[in-house]
Every structure is written in structure tokens, then in C-alpha cells.
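Reviewing the structure listed below.
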Amino acid sequence: LAKTTQPISMDSYEGQEVNITCSHNNIATNDYITWYQQFPSQGPRFIIQGYKTKVTNEVASLFIPADRKSSTLSLPRVSLSDTAVYYCLVGDEYNTDKLIFGTGTRLQVFP
Amino acid sequence: DSGVTQTPKHLITATGQRVTLRCSPRSGDLSVYWYQQSLDQGLQFLIQYYNGEERAKGNILERFSAQQFPDLHSELNLSSLELGDSALYFCASSPGLAGGEETQYFGPGTRLLVL
């Protein structure tokens, strides 16, 4: 069971880069790492997914070291609208019942 | 808009009652997931259905049950409701059954308040 550990909260200012790290020491070979964003009273929204090395899309980058025991979500130049809760999720297609969102990281962006 | 719809948006009921929450997945998605999110809590996985069959079960209470119909919409039934069942209930869908590998698309949620 790949339990994840994230900081409870982070603060940043507009225009800064934010890096949120997730620890998943017991990650299994078949596990993927997925990050979701959730605004208050809304359903989570997919941000990015990766298996190893680095993945980049139009909104974020995901850095995964060779041992895969952690991952870092990087948000470039955050704005006020990036204030949300960010969840790190680790799992594979065989263990849906083990998917754990946890309490996530509450990111507060200040002007 | 994720393409996943949930009804009703809000629901207020009394302890001991039974309610049904409904979810319509994105067009073409075969998997439906149900989650519970209590106040200031993380998302708790309840159950997954894939093409009408139960695929995985999480921390779902025996008082709760779900099903997925031939048209792929799903219903979550909550019975003998208790105050602690008050929460946001989210439905998500994905194209296949690869829960941890696929992207899940979440609906707007149903806010349940048990008085």
C-alpha cells in the first residue's frame, strides 16, 4: 500500500514558482503518480500524471527521482486562482480500492 | 465542465432516512467511482463500478450500496442515515478500469446534510 505524505499547507505569492513534494516510500513497480487540484465545494481536477523522470504539460511539471519514493509538483508563476488543495495519488489498475487521496496540501497564494 | 453530472446538488434529510444519489459518467466512460468528503477531510474512496460490475470496494459502510445500470449511470444509496454521514459525495468516471493509471473526471458533487 503506497501511502502518501504531503505538507498540510503552503503559502506563496503571485508570480512565484511553487513546489509541492509528496513522499511515497512504498510505491510499487506498477504504480503511477497522479496529482489533482480541488477548489472549495468542487470535485478534484486532474493536473498531471507520471511514472518516472519528468513530465510537463501546459499547467505544471512533475519531477520523479529514479527511486520514485517521492515526487514534486511544480507550478510555475502561480496566481491567486491557483489557491486550492492539491492531492498526490499513487496507484495502479489492480488496486483501485487502495487509492488514497489523503488530506492534500492546501496552497494559499497571496497578492 | 468535466462531463460528469450528479443530482441532486443539495440534499437535506433526517436521521434514519434513506437517500439516493445519482451520477451520469462522461460519454464513453465505463468506470464510475464514488467518494465521500467530510468537512475538512480528504476524499475517501467508497466503491468503483466498471461496465455494470463492482470492480473495487473501499471504506464503504454496510448501510451504503451502489449500482451501475446498463446505460452506465450509477446510483449510490445511503440508508439509516446518521449525522456523521453529512458530507460531499463525489462521483468520478474514467474510460476503462485502470483506476490508478487513468485520469478520473469528477462531477460537481452532492452535498448531503443529515439533521
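Here are a few things to note about the model shown:
- Answer residue from the range B:39-49, given it is part of a strand (DSSP E or B) and facing another protein chain (nearest Cβ under 9 Å) and is most open to solvent (accessible area, probe 1.4 Å) among those: B:Gln44
- In the set (1) more than 18 Å from B:Gly16 (Cβ to Cβ); (2) among the small types (Gly, Ala, Ser); (3) away from chain A (no Cβ under 11 Å); (4) surrounded by fewer than 23 Cβ atoms within 10 Å (Cβ to Cβ), the condition left unmet by B:Ser86 is number (1).
- Within the range A:63-81, being loosely packed, with under 12 Cβ neighbours inside 10 Å and among the charged types (D, E, K, R) holds for A:Asp67, A:Arg77.
- Taken over the range A:11-24, the criterion of being part of a loop (DSSP other than H, G, I, E, B) and within 14 Å of another protein chain (Cβ to nearest Cβ) is satisfied by A:His24 alone.
- Odd one out for A:Gln37, checked against (1) in a loop (DSSP other than H, G, I, E, B); (2) surrounded by 13 or more Cβ atoms within 10 Å (Cβ to Cβ): (1)
- Scanning the range B:1-38 for residues that are more than 13 Å from chain A (Cβ to nearest Cβ) and of a type in the set (Gly, Ala, Ser) yields a total of 5.
- Of the listed requirements (1) surrounded by fewer than 14 Cβ atoms within 10 Å (Cβ to Cβ); (2) away from chain A (no Cβ under 12 Å); (3) within 25 Å of A:Lys3 (Cβ to Cβ), B:Leu115 misses just one: (3).
- In the set A:Ile47, A:Ile8, A:Ile27, only one residue is within 16 Å of A:Asp92 (Cβ to Cβ), open to solvent by 10 Å² or more (accessible area, probe 1.4 Å) and either within 14 Å of chain B (Cβ to nearest Cβ) or out of contact with any Ser or Thr (no Cβ under 8 Å at 6 or more places or on another chain) (or both); that residue is A:Ile27.
- Given (1) within 18 Å of B:Gly16 (Cβ to Cβ); (2) not in a loop (DSSP other than H, G, I, E, B), index of the condition B:Leu61 fails: (2)
- Among the residues of the range B:59-79, those that are closer than 30 Å to A:Ile8 by Cβ, free of Cβ contacts under 8 Å to residues at least 60 places away in the same chain and under 12 Å from the mean Cα position of the chain (by Cα) comprise B:Ile60, B:Phe64, B:Leu76.
- Every test in (1) at pLDDT below 95; (2) within 21 Å of B:Tyr33 (Cα to Cα) is passed by A:Asn26 save one, and that test is (2).
The values are calculated or read from the model by the stated rules, or taken from the named source; none is laboratory data. Keep in mind the model is a prediction, meaning the values are calculated, not measured. Quick reminder, even Gly has a Cβ in these numbers, built from the backbone with ideal geometry, and neighbours come from all protein chains shown. Calculation scope for accessible area: heavy atoms of the full protein, side chains included, ligands and nucleic acids excluded. Shrake-Rupley method; radii C 1.70, N 1.55, O 1.52, S 1.80 Å.
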